1. For the stretch 25-105, with all protein chains present and a 1.4 Å probe, just round the carbon and sulfur fraction of the accessible area to a whole percent.
2. Taking the Cα centre as origin and putting +1 on Lys and Arg beta-carbons and -1 on Asp and Glu beta-carbons, what dipole magnitude results for the stretch 25-105, to the nearest 20 debye?
3. How high is the FRET efficiency from SER60 to ALA33, r the C-beta distance, R0 22 Å, rounded to 0.05?
4. With every protein chain kept in place and ligands, DNA and RNA left out, what is the accessible area per residue of the stretch 25-105? Probe 1.4 Å, answer in Å².
5. Would you mind classifying the stretch 25-105 by shape? Square roots of the alpha carbon gyration tensor eigenvalues, ordered a ≥ b ≥ c; an a/c under 1.5 is rounded, otherwise it is prolate if a/b is larger than b/c and oblate if not.
Amino acid sequence: MQMRITIYGTLGILLLSGGVTSLAQSGADTYKAKCAMCHAADGSGNTPAGKAMKANPFNSPDVVKMSDAELIAVVTDGKAKMPGYKGKLTDAQIKDVVAYIRTLQKK
Ligand code: HEC
């Protein structure tokens, strides 16, 4: 009995700490690793690749008014020169990275 409690307790703490770090980091980390080379660290699209492909700044009205579902669809399936990330990122990672884009829009 005592043993069980310890095992569940340890598992719970591991799950909890894992969950918290992924919420705090993975959207930003994914963005920096996969997206910033075109969209720029601040989401402005102000990079050589972003300018050449005409990536809109994320804080432009057209992008701000898109729903989370629409942004998730663009990241999953791609749009024009924007590559799709289906199979390269998990659904959860795509959701996190879209949540991170929302924080860039507020800057
Ligand atoms: C190779 C360059 C490139 C990379 C890498 C890239 N994008 Fe894009 N992205 C674009 C371009 C270009 C567009 C504009 C597409 C259009 O509307 O013609 C775009 C559009 C978007 C849009 C929709 C906004 C709009 O302007 O319609 C979102 C959201 C987005 N990208 C997110 C991401 C995320 C998240 C990643 C990383 C997982 C990423 N992009 C990686 C080039 C890129």
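1. 59
2. Around 260 debye, computed over the stretch 25-105.
3. Here the calculated transfer efficiency is 0.40.
4. On the way: 4720 Å² over 81 residues.
Counting only protein heavy atoms, the per-residue value for the stretch 25-105 is 58 Å².
5. rounded
The values are calculated or read from the model by the stated rules, or taken from the named source; none is laboratory data. All values reported here derive from a predicted model rather than from experimental measurement. As a convention, Cβ positions derive from the backbone with ideal geometry for all residues, glycine included, and neighbour counts pool all protein chains shown. Side chains included, ligands, DNA and RNA excluded: accessible areas come from the protein's heavy atoms. Shrake-Rupley method; radii C 1.70, N 1.55, O 1.52, S 1.80 Å.
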